[in-house]
Amino acid sequence: MPIGYEDITILITGTLIAICCALTGSLLMLRRMALAGDAIAHAVLPGIVIAFLLSGSRSSPFMIAGAAAIGLFTTFSIEMLQKKARLQNDASIGLTFTFLFATGIILLSMLAGQVDLDQDCVLYGELAYVPLDVWITPSGTVMGPRALWVTAVLCLLLLALIIVARRPLLLTTFDPAYASAIGVSVPFYHYLLMGSVSVTTVVSFELVGAILVVALLIAPAATAYMLTDNFRMLLVLACLAGAVAVAAGYAMAATLDTSIAGSIATANGLLFMLAFIFSPQHGLLFRKKRKPVIH
Amino acid sequence: MDYAIEIHDLTVAFDRKPVLWNIDAHLPAGKLIGILGPNGAGKSTLIKTIMGLIPAGSGYVKIFGQPLKEVRKRVSYVPQRETIDWDFPVSVMDVALMGRYAHTGMFGKLRRADRDIALDALRKVGMEAFANRQIGRLSGGQQQRTFLARALAQRADLYLMDEPFAGVDAATEKAVITLLREMTTQGKTVLVVHHNLQSARQYFDHLLLLNTRLVACGPAPEVFTPDNLRDTYGGNLTLLTDVANLMHQEQHPVRENKLQQE
Ligand SMILES: Nc1ncnc2c1ncn2[C@@H]1O[C@H](COP(=O)(O)OP(=O)(O)O)[C@@H](O)[C@H]1O
Ligand SMILES: [Mg+2]
């Protein structure tokens, strides 16, 4: 199979999205909030539909801002239900995101005639469309695929955020009580992360859809978690695992002539299984006991 | 007298159920202070309120005569073991270095001196050899010492420790108490939530007995009385037996001294 310009744009965009998801997903997993990432990925749907209706385009700043707002609202609502209604954490999450997701589905099917937003595309993603949606500046210069630019910018922003704020992100995740004891605002970093997850999700939905984006958030992080005990290494390996899954999944989809998103998600799952079996530290084959050494 | 902590009419409630009720206590600086009380007495809540982690319903706390936010850097905290995720990808050294964040801030540079201080703290608790070990691969005692090293690396003046001896072997407990004693001789104040009545009497200079209300607070020999302990622990049978044993020991001081020497 010859690799053309289209394949390359798709692969680069896919890899960038996988990196964004791996970075935010790793932080979520360490916070034991993977499920909240799942919730946000679903809950942003009504935001996407409404923003699309208002702005008429995908990947618009409008849509991204709308998604961030809904993501924060989701986080807030989950916490409120837990604290005020005294629901369990998983019940709060289930209640919030199914309600928002369902609202999104209803909006989507009601507006199906009016907006050019394909239900399948939103739910399952369509990476093949990436090269078709080209960004043209008002002066007429063709800048290339819009999604490529958006994901590249998001990727740089997330990298910058994680590099600059690695210390408070790590500390508020690992030991929030100590963090706030020495004067760090734990809620601030919590909402910052949730905002990042929301934006990442919205930008990613074109690639893998609102449902399978969860695979990109969680699986690479889980794979990396099998392979290392080091925070920095965890982030690096998660990005790598995400990128490899995109390439492998894309090749698989081309060979089998099947869904790209489905293939990428499957590749992610297979990678995790490999890591789970062969990891030198925690793998099934060479499991060293993680039991404490008694002194 | 200099007070490390002044607690004024402190009341804390969860869902309108009071967990701490009208606590009023002054804790002297430079002492090893124990907080005793049954499960659910509000010991952890008291520590967290002192640290500003839980808002006071009414009343207030002063640390070294000032509000907490003026003296944050001078206060360190060792959390209860169960609150830590031991699978988290951080090493012993990573944890010790966190103690320096109070000084460098979240975005400031960690200098060589900071690393040296962290390493020195690890050396003091005998964890230097494990600096690169992930924290889940340590024994309970080593894990506790790692967090103690973080507190030491902060070079604070007041240390708040929530059950540092839970899940810790006897040797570590002894070594840590010696270290804490040493710190108090250098003028540091150490506040420890403790659950073992047997050892409390020997370990601490000062005791605070708590059961939602303050039962007693003062120098250990004055406060550690059967009446106070009964008020603190209520009719708990096994504990009352413990108290009876302790009283028995008190009537035979010679024997107690002998035991200590062994
Ligand atoms: N976050 C919380 N929400 C509701 N109740 C709590 C919370 N934390 C503690 N409590 C309650 O407050 C009481 C005191 O708890 P705690 O301070 O942990 O006791 P101790 O440390 O002395 O065992 C307990 O009855 C506990 O159930
Ligand atoms: Mg407690």
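Show that you can apply the helix-only estimate: for chain B, add -39,500 (n - 2.57) for every DSSP H stretch of four or more residues, divide by all residues, and state [θ] at 222 nm to the nearest 500.
Rounded to the nearest 500, the figure is -12500 deg cm²/dmol.
For the stretch B:29-64, list residues with backbone N below 12 Å from a point placed 7 Å from the Cα of B:Asp9 toward its Cβ?
B:58-60
Against the longest principal axis of chain B, how steep is helix B:140-153, in degrees 0 to 90 to the nearest 10, with axes from Cα atoms?
70 degrees
If you take the square roots of the eigenvalues of the alpha-carbon gyration tensor of the stretch A:5-216 and sort them as a ≥ b ≥ c, do you get rounded (a/c under 1.5), prolate (a/b over b/c) or oblate?
Details: a/c = 2.19, a/b = 1.36, b/c = 1.61.
The shape class here is oblate.
Quick check on chain B: what are the equivalent-ellipsoid semi-axes from the Cα gyration tensor, as sqrt(5λ), descending, whole Å? Show your work: numbers first, answer last.
On the way: eigenvalues 184, 109, 58 Å².
Equivalent-ellipsoid dimensions as semi-axes: 30, 23, 17 Å.
Is there a quick way to get the dipole size of the stretch B:69-201? I mean about its Cα centre, with the Cβ of Lys and Arg at +1 and of Asp and Glu at -1; what is the value in debye to the nearest 20? Working shown, then result.
Numbers: 21 positive and 15 negative charges, 107 e Å.
The dipole magnitude comes to about 520 debye.
Here is the link list: B:Lys69/B:Lys174; B:Lys43/B:Lys69; B:Lys31/B:Lys109; B:Lys31/B:Lys174; B:Lys17/B:Lys48. Which ones come out longer than 26 Å on Cα distance? Let's see the in-between values first.
Numbers: B:Lys69/B:Lys174 33 Å; B:Lys43/B:Lys69 22 Å; B:Lys31/B:Lys109 34 Å; B:Lys31/B:Lys174 17 Å; B:Lys17/B:Lys48 17 Å.
Violating the 26 Å Cα-Cα cut-off are B:Lys69/B:Lys174; B:Lys31/B:Lys109.
Separation between the B:Arg213 and A:Met273 pseudo-spin-labels, each 7 Å from Cα along Cα→Cβ, expressed in nm?
My value for the distance between the label points is 6.5 nm.
Per residue, how many Å² of accessible area does the stretch B:85-156 show with a 1.4 Å probe?
36 Å²
log10 I(q)/I(0), Debye, Cα-only the stretch A:25-113, no solvent, q = 0.20 Å⁻¹?
-0.91
Suppose each label sits 7 Å from its Cα in the direction of the beta carbon; what would the B:Arg16-B:Thr185 distance come out to in nanometres?
5.4 nm
Residue by residue through A:216-229, how many Cβ atoms from other chains fall within 10 Å of the Cβ on average?
Mean partner shielding for this stretch: 1.
Enter the accessible area per residue of chain A (Å², integer; probe 1.4 Å; all protein chains in place).
45 Å²
Could you compute how much accessible area chains A and B hide from each other, both sides summed, with a 1.4 Å probe? Nearest 100 Å² is fine. Intermediate results must be reported in sequence, preceding the final value.
Values: alone 14880 and 13270 Å², together 25110 Å².
Summing both sides, the interface buries roughly 3000 Å².
Under a no-solvent Debye model with one identical scatterer per Cα of the protein assembly as shown, what's log10 I(q)/I(0) at q = 0.10, 0.12 Å⁻¹?
-0.90, -1.14
Sorted by average packing, counted as other Cβ atoms within 10 angstrom per residue and highest first, what order do B:190-198, B:29-37 take?
In descending order of packing, they fall as B:29-37, B:190-198.
Give me the net charge for the shell around B:Gln143: Cβ to Cβ below 10 angstrom, other residues only, Lys and Arg +1, Asp and Glu -1.
Spelling it out: positives minus negatives among the neighbours equals +3.
Defining a contact as two alpha carbons under 8 Å apart and six or more residues distant in sequence, what relative contact order in percent does chain A show?
28 percent
Roughly how far apart, in whole Å, are the Cα centres of the stretch A:2-50 and the stretch B:145-193?
Measuring centre to centre over Cα atoms gives 44 Å.
What span do the alpha-carbon atoms of the stretch A:136-241 cover on each of the three principal axes, reported in whole Å from largest to smallest?
Sorted from largest, the Cα extents of the stretch A:136-241 read 54, 31, 23 Å.
Taking only C-alpha pairs under 8 Å that are 6+ residues apart, what is the relative contact order of the stretch B:1-118 in percent? Before the final figure, lay out the partial values.
Numbers: 128 pairs, mean separation 28.0, N = 118.
The normalised contact order for the stretch B:1-118 reaches 24 percent.
For the stretch B:85-156, give the magnitude of the charge dipole about the Cα centre (Cβ charges: +1 Lys/Arg, -1 Asp/Glu; no others), in debye to the nearest 20. Display every interim value, and only then the final one.
Numbers: 12 positive and 7 negative charges, 51 e Å.
Taking the Cα centre of the stretch B:85-156 as origin, the dipole is about 240 debye.
What's the average, rounded to a whole number, of partner chain beta-carbon atoms within 10 Å of each residue's beta-carbon in B:126-138?
Numbers: counts 1, 0, 0, 0, 2, 0, 2, 2, 5, 2, 4, 8, 4.
Per residue, the average neighbour count from other chains is 2.
Say each of B:Asn196 and B:Arg123 gets a label point 7 Å from the Cα, pointing the same way as Cα to Cβ; how far apart are those two points in nm?
2.9 nm
Ignoring ligands, DNA and RNA, please state the percent of accessible area on the stretch A:5-216 from carbon and sulfur, probe 1.4 Å. Could the numbers behind the result be given before it?
Working: 6170 of 8770 Å².
Heavy-atom surface of the stretch A:5-216 belonging to carbon and sulfur, 1.4 Å probe: 70 percent.
Output the antiparallel fraction of DSSP beta bridges having both residues in the protein assembly as shown, as a percent to the nearest 5. Mind showing how you got there, number by number?
Values: 24 of 41 bridges.
Within the protein assembly as shown, antiparallel bridges account for around 60 percent of the total.
Please list, by residue number, everything in the stretch B:112-137 whose backbone N is under 13 Å from a paramagnetic label point 7 Å out along Cα→Cβ of B:Thr104.
B:112-119
The values are calculated or read from the model by the stated rules, or taken from the named source; none is laboratory data. Predicted, not measured: the structure shown is a model, and the values here were computed from it. Glycine gets a Cβ as well: all are built from the backbone with ideal geometry, and neighbour counts include every protein chain shown. Ligands, DNA and RNA are excluded from the accessible area calculation, which covers all protein heavy atoms including side chains. Shrake-Rupley method; radii C 1.70, N 1.55, O 1.52, S 1.80 Å.
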